[in-house]
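Taken together, the values in this text are just the output of simple stated rules run on the coordinates, not laboratory data. Source: prediction; values computed, not measured. Here the Cβ positions follow ideal geometry from the backbone for every residue, glycine too, while neighbour counts run over all protein chains shown.
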Amino acid sequence: MEMVEKDGITSIALFWGDLSAAVQEELLKLLGNNGNYDVFPIAEIVYEKEEISCQELS
């Protein structure tokens with residue numbers, strides 16, 4: 001897993017090695033085995049944090 005934070009935006013990349021053996025096996029069945037799954041991210045989650053101050057909650 002690789003997490004990068006920049007300008008309030010967080011990006012989390014999930015790689016083949018981050019997955020359990022069971023999930024790797026299922027993905028190989030679905031996607032085939034001729035991909036570069038160990039080099040490129042399988043999935044990427046990107047989100048922006050919203051900052052809330054105590055005043056805004058009152």
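Table for the structure above
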read-out	value
Whole-number D in µm²/s for the stretch 2-57 (Stokes-Einstein; Kirkwood sum over Cα pairs; 25 °C, 0.890 mPa s)	181 µm²/s
Only Lys, Arg (+1) and Asp, Glu (-1) charged, at Cβ; the stretch 2-57 dipole about Cα centre in debye	260 debye
